[in-house]
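The values are calculated or read from the model by the stated rules, or taken from the named source; none is laboratory data. Since the model is a prediction, treat every value here as computed from it, not as a measurement. Ideal geometry is used to build each Cβ from the backbone, glycine not excepted, and the neighbour counts take in all protein chains shown.
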């Protein structure tokens with residue numbers, strides 16, 4: 001088994017120069033096949049499709065090894081081959097094979113569990129109007145925030161991402177994201193006053209002085 | 001979630017991750033990420049691929065081994081199979097027979113002859129393919145209705161035109177359907193006289209009539225044409241100048 005943190009560049013060099021080529025490729029496979037498989041599973045592909053795509057990606061690596069620049073990032077190269085492979089498969093209409101639970105429509109229409117829950121959750125007309133108005137005011141206030149602050153907040157609210165993930169997506173440090181979110185909350189509270197409903201917790205803020 | 005913009009290419013996501021995009025490109029990609037959880041997750045996984053813990057334990061060792069064997073088999077299929085060595089054939093000294101130059105010269109002569117024949121055939125086909133102008137038409141208006149004093153003239157009258165069709169436009173309305181046309185060359189020599197009856201239910205009094213004249217009767221010169229009704233009334237007098245071929 002490969003050692004954790006084993007230098008990839010050494011393996012690439014062995015693969016390109018032909019010295020213990022098979023052994024180097026096996027070690028690369030052991031290192032990256034679980035990550036690739038996981039990468040495809042996270043895209044919604046089935047177990048078998050994810051195995052196929054992992055194999056296809058490794059074939060791409062094997063074929064293109066001669067052209068790979070050793071100073072480039074191996075993971076970036078892997079990502080490009082893998083993403084092109086799964087997008088090609090999606091284009092071929094293999095999307096139907098993706099794991100997705102199908103819910104019969106009649107369950108919802110005929111008062112099945114989903115229908116009953118929905119009926120119990122229906123808010124009173126006034127409540128719904130108030131919710132919509134709060135939501136509109138909140139979006140307006142968010143749009144007025146400085147760009148990076150707004151982006152941090154939108155990713156936090158809409159995609160429910162963690163600080164570290166937002167930091168990766170916006171190429172910021174997690175601390176900067178934290179500060180942006182803290183300041184965004186404060187500004188929104190000031191802007192909206194009694195209408196403020198914390199977008200990060202969903203709780204009304206009437207109790208806050 | 002559907003997103004109106006096309007998803008960025010993996011190369012663009014990788015370049016963004018590596019900080020290689022310009023500021024406007026970076027801003028555009030960030031705006032896409034805000035509304036596209038799919039690309040956001042993809043970018044997070046690009047980051048995850050560098051992490052040894054990413055997907056750890058997700059692939060069972062047995063599946064990993066099967067995958068490796070399958071991959072090896074695919075690679076072997078693609079590797080070129082060395083071609084078997086061809087048996088060595090001893091070289092023999094090539095001997096050219098004496099009649100070979102004569103045969104070559106004969107073939108050359110035949111080739112040149114055939115080429116010349118093909119060229120002449122092509123020329124013949126070109127000539128025959130040209131449209132053959134066999135008739136020519138001219139509209140004639142009565143001398144009384146024209147402001148110009150000189151006779152109407154054919155611009156050309158090529159030798160291959162066998163029939164000249166003149167369209168006579170009446171100067172006066174016609175009242176009957178029996179006519180006579182007289183053609184005389186300048187100087188009074190009669191060339192052609194024709195009589196005919198036109199059967200129409202309601203003749204248009206200003207309807208022109210076509211008149212076909214054979215080339216054999218029309219040498220170069222000036223002609224006068226008279227269109228006369230059976231009652232003797234003149235419907236039109238025409239002048240025509242026919243050039244040489």
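What about residue A:30, is it more than 7 Å from every other protein chain (Cβ to nearest Cβ) and surrounded by fewer than 19 Cβ atoms within 10 Å (Cβ to Cβ)?
So residue A:30 fits the description; yes.
Restricting the search to the range B:176-214, which residues are under 23 Å from residue B:150 (Cβ atoms) and either buried (at least 17 other Cβ atoms within 10 Å of the Cβ) or modelled with pLDDT of 80 or more (or both)?
Once the filter is applied, which keeps residues that are under 23 Å from residue B:150 (Cβ atoms) and either buried (at least 17 other Cβ atoms within 10 Å of the Cβ) or modelled with pLDDT of 80 or more (or both), the range B:176-214 yields B:181, B:182, B:183, B:184, B:185, B:208, B:211, B:213.
Report, by residue number, each residue of the range A:47-72 that is over 19 Å from residue A:10 (Cα atoms) and either over 18 Å from the mean Cα position of the chain (by Cα) or at the interface with another protein chain (Cβ under 7 Å from one of its Cβ atoms) (or both).
A:47, A:48, A:49, A:51, A:52, A:53, A:54, A:55, A:56, A:57, A:59, A:60, listed by residue number.
Does any residue of the range A:145-153 turn out to be loosely packed, with under 15 Cβ neighbours inside 10 Å, within 14 Å of chain B (Cβ to nearest Cβ), assigned to a helix (DSSP H, G or I) and modelled with pLDDT under 80?
Checked against the condition, which is being loosely packed, with under 15 Cβ neighbours inside 10 Å, within 14 Å of chain B (Cβ to nearest Cβ), assigned to a helix (DSSP H, G or I) and modelled with pLDDT under 80, the range A:145-153 yields no hits at all.
I'm trying to understand the selection: among the residues of the range A:37-46, which are within 9 Å of another protein chain (Cβ to nearest Cβ) and either out of contact with any helix residue (DSSP H, G or I) (no Cβ under 7 Å at 6 or more places or on another chain) or within 17 Å of residue B:38 (Cα to Cα) (or both)?
A:38, A:39, A:41, A:42, A:43
If I filter the range A:1-16 for residues that are facing another protein chain (nearest Cβ under 10 Å), within 24 Å of residue B:43 (Cβ to Cβ), out of contact with any strand residue (DSSP E or B) (no Cβ under 6 Å at 6 or more places or on another chain) and modelled with pLDDT of 90 or more, do I get at least one hit?
No, because not a single residue in the range A:1-16 is facing another protein chain (nearest Cβ under 10 Å), within 24 Å of residue B:43 (Cβ to Cβ), out of contact with any strand residue (DSSP E or B) (no Cβ under 6 Å at 6 or more places or on another chain) and modelled with pLDDT of 90 or more.
So residue A:92 ticks every box in (1) modelled with pLDDT of 75 or more; (2) loosely packed, with under 12 Cβ neighbours inside 10 Å; (3) over 30 Å from residue A:63 (Cβ atoms); (4) more than 12 Å from chain B (Cβ to nearest Cβ) but one. Which box is left unticked?
(3)
Would you point out the residue of the range A:177-186, among those that are surrounded by 17 or more Cβ atoms within 10 Å (Cβ to Cβ) and touching a helix residue (DSSP H, G or I) at 6+ places or on another chain (Cβ under 8 Å), that is farthest from residue A:145 (Cα to Cα)?
The extreme case among them is A:177.
Residues checked against (1) surrounded by fewer than 19 Cβ atoms within 10 Å (Cβ to Cβ); (2) facing chain A (nearest Cβ under 7 Å); (3) farther than 24 Å from residue A:84 by Cα:
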| position | (1), (2), (3) |
| --- | --- |
| B:45 | no, yes, no |
| B:49 | no, yes, no |
| B:59 | no, yes, no |
| B:62 | yes, no, yes |
| B:65 | yes, no, yes |
| B:71 | no, yes, no |
| B:79 | yes, no, no |
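Could you check the range B:1-11 and list, in sequence order, the residues that are surrounded by 18 or more Cβ atoms within 10 Å (Cβ to Cβ) and within 8 Å of chain A (Cβ to nearest Cβ)?
To start, the set of residues in the range B:1-11 that are surrounded by 18 or more Cβ atoms within 10 Å (Cβ to Cβ) comprises B:8, B:10.
Of everything in the range B:1-11, just one residue is surrounded by 18 or more Cβ atoms within 10 Å (Cβ to Cβ) and within 8 Å of chain A (Cβ to nearest Cβ), namely B:10.
Any residue in the range A:47-71 that is surrounded by 12 or more Cβ atoms within 10 Å (Cβ to Cβ) sitting within a Cβ distance under 7 Å of a residue that is outside any helix (DSSP H, G or I)? List the pairs, counting only those 6 or more apart or interchain.
A:53/A:45
Considering only residues of the range A:159-177 that are within 10 Å of the chain's Cα centre (by Cα) and facing another protein chain (nearest Cβ under 7 Å), which is nearest to residue B:28 (Cα to Cα)?
In this case the residue turns out to be A:169.
If you scan the range B:12-25, which residues turn out to be facing chain A (nearest Cβ under 8 Å) and either modelled with pLDDT of 95 or more or touching a helix residue (DSSP H, G or I) at 6+ places or on another chain (Cβ under 6 Å) (or both)? Even if it seems obvious, please write down each step before you answer.
Here is the first cut: in the range B:12-25, the ones facing chain A (nearest Cβ under 8 Å) are B:13-14, B:16-19.
Matches in the range B:12-25: B:13, B:14, B:16, B:17.
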